[in-house]
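Visitor: Shown below is the structure under consideration.
The values are calculated or read from the model by the stated rules, or taken from the named source; none is laboratory data. This is a predicted model, so every value here is computed, not measured. Reconstructed Cβ throughout: ideal geometry from the backbone, glycine too, with neighbour counts over all protein chains shown.
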Amino acid sequence: MNRKRLEEDFDKQILLLKGIRNEEKYVKDIENQLLYFTNAEVFRKIGRETKNDLFGDTLEGYYISPNKPKDNFLNINKGQDSGFDKEYLAKIYAWMKEVYICSFFYITLDEFENNTIPKSILNVFDNEFSGRKIAVFHGVQDLLDGLIREQGKEGYSWANYVHYQGIEEDPIFEEREYDEDPRIGYLLKRKGLYHNQREFRICYHKNCFSETFIKENKSGFNLYFGNIGKNGVPSVTVIDDVRSLKYLSIENK
């Protein structure tokens with residue numbers, strides 16, 4: 001991944017959890033070391049078509065500017081190729097619309113209580129992923145290194161935690177920071193019903209791939225992350241459901 005100032009420290013040990021549809025194909029994909037990356041426009045479309053937009057997906061990838069009068073528009077330069085949302089005073093550079101995302105729920109190992117995941121965290125995770133199988137990735141850096149090894153370093157790719165920002169709250173990032181690096185739009189999400197979700201995401205811009213590949217896989221695609229296990233022990237485990245997470249401990253990871 002391209003490591004720049006917007007990214008945080010991933011060196012501390014983190015568990016990544018991913019809810020998987022309980023169908024053989026999706027379980028096999030993980031077992032075959034594949035991750036599905038979805039075009040951000042798919043999420044924006046869902047947000048636009050969902051009455052309440054509970055996840056805040058309509059503005060996926062946008063810079064959101066709270067606490068501004070409606071007549072005090074964002075800094076949109078004349079002739080600038082960008083998207084703009086007047087209701088929420090939000091903008092996105094057009095070239096940053098074509099981003100593909102793979103999302104996870106994260107837990108830092110220092111949050112474990114008596115080597116097990118606290119019930120409070122399990123409740124948050126269960127709120128969205130009940131009824132799904134769970135893929136547990138042991139060590140975020142192993143996964144990022146595997147993707148770099150298998151996919152190369154061409155184009156813009158990055159990883160980040162998601163920060164949630166309310167419409168009336170002070171901005172987490174200033175507009176000038178976004179203008180300097182529009183990837184910041186994918187760090188921010190508007191607070192919705194699920195703003196307590198602890199989201200970690202890996203992003204690939206379409207310029208990491210050939211035009212033919214993107215044309216044939218416009219909505220999304222699988223990427224191979226390779227064997228990221230160590231000392232013969234796999235670094236990805238698939239468990240049956242959220243309830244089984246309470247038996248997962250640091251000692252048996």
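Visitor: From the residues in region 231-253 that are modelled with pLDDT under 75 and part of a strand (DSSP E or B), which one is surrounded by the most Cβ atoms within 10 Å (Cβ to Cβ)?
Guide: Ser249
Visitor: So how many residues does region 161-185 have that are part of a helix (DSSP H, G or I) and either surrounded by 12 or more Cβ atoms within 10 Å (Cβ to Cβ) or of a type in the set (Asp, Glu) (or both)?
Guide: Residues meeting the conditions: 9.
Visitor: Looking for whichever is of a type in the set (A, V, I, L, M), at pLDDT below 80 and out of contact with any Asp or Glu (no Cβ under 7 Å at 6 or more places or on another chain) here; the options are Leu15, Leu54, Leu35. Which one fits? If you could, list the steps in order and put the result at the bottom.
Guide: Values: Leu15 fails: at pLDDT below 80; Leu35 fails: at pLDDT below 80.
After ruling out the rest, the residue left standing is Leu54.
Visitor: Same structure again: Please verify whether region 130-150 includes one or more residues that are out of contact with any strand residue (DSSP E or B) (no Cβ under 6 Å at 6 or more places or on another chain), touching a residue at least 24 places away in the same chain (Cβ under 8 Å) and hydroxyl-bearing (Ser, Thr, Tyr).
Guide: Within region 130-150, one or more residues are out of contact with any strand residue (DSSP E or B) (no Cβ under 6 Å at 6 or more places or on another chain), touching a residue at least 24 places away in the same chain (Cβ under 8 Å) and hydroxyl-bearing (Ser, Thr, Tyr).
Visitor: Just name the residue that is surrounded by the most Cβ atoms within 10 Å (Cβ to Cβ) out of those in region 147-160 that are outside any helix (DSSP H, G or I) and under 17 Å from the mean Cα position of the chain (by Cα). Reasoning before the result, please.
Guide: First, the residues of region 147-160 that are outside any helix (DSSP H, G or I): 152-160.
Subsequent filtering for residues that are under 17 Å from the mean Cα position of the chain (by Cα) retains 156-160.
Values: Tyr156: 17, Ser157: 23, Trp158: 21, Ala159: 21, Asn160: 20.
Step by step, filter region 147-160, then rank; the result is Ser157.
Visitor: Identify, by number, the condition in (1) surrounded by fewer than 19 Cβ atoms within 10 Å (Cβ to Cβ); (2) at pLDDT below 85; (3) touching a Pro at 6+ places or on another chain (Cβ under 9 Å) that Leu89 doesn't meet.
Guide: The single condition Leu89 does not satisfy is (1).
Visitor: Of all residues being surrounded by 16 or more Cβ atoms within 10 Å (Cβ to Cβ) and among the aliphatic types (A, V, I, L, M) in region 92-111, which is farthest from the chain's Cα centre (by Cα)? Just the residue, please.
Guide: Ile92
Visitor: For region 179-224: of the residues being more than 16 Å from the chain's Cα centre (by Cα) and modelled with pLDDT under 95, which is farthest from Leu89 (Cα to Cα)?
Guide: Within region 179-224, the match that is farthest from Leu89 (Cα to Cα) is Leu193.
Visitor: Okay, next question. Any residue in region 164-172 that is under 18 Å from the mean Cα position of the chain (by Cα) and closer than 30 Å to Ile228 by Cβ?
Guide: yes
Visitor: From the residues in region 18-49 that are exposed (fewer than 13 other Cβ atoms within 10 Å of the Cβ) and under 20 Å from the mean Cα position of the chain (by Cα), which one is farthest from His205 (Cα to Cα)?
Guide: Arg21
Visitor: In the set Lys119, Lys91, Lys97, Lys153, which member is over 28 Å from His205 (Cβ atoms) and either in contact with a helix residue (DSSP H, G or I) (Cβ under 8 Å, 6 or more places away or on another chain) or in contact (Cβ under 8 Å) with a residue 24 or more places away in the chain (or both)?
Guide: Step by step, each of Lys119, Lys91, Lys97, Lys153 is checked, and only Lys119 is over 28 Å from His205 (Cβ atoms) and either in contact with a helix residue (DSSP H, G or I) (Cβ under 8 Å, 6 or more places away or on another chain) or in contact (Cβ under 8 Å) with a residue 24 or more places away in the chain (or both).
Visitor: Report the residue count in region 205-225 for those that are buried (at least 16 other Cβ atoms within 10 Å of the Cβ) and part of a loop (DSSP other than H, G, I, E, B).
Guide: 2
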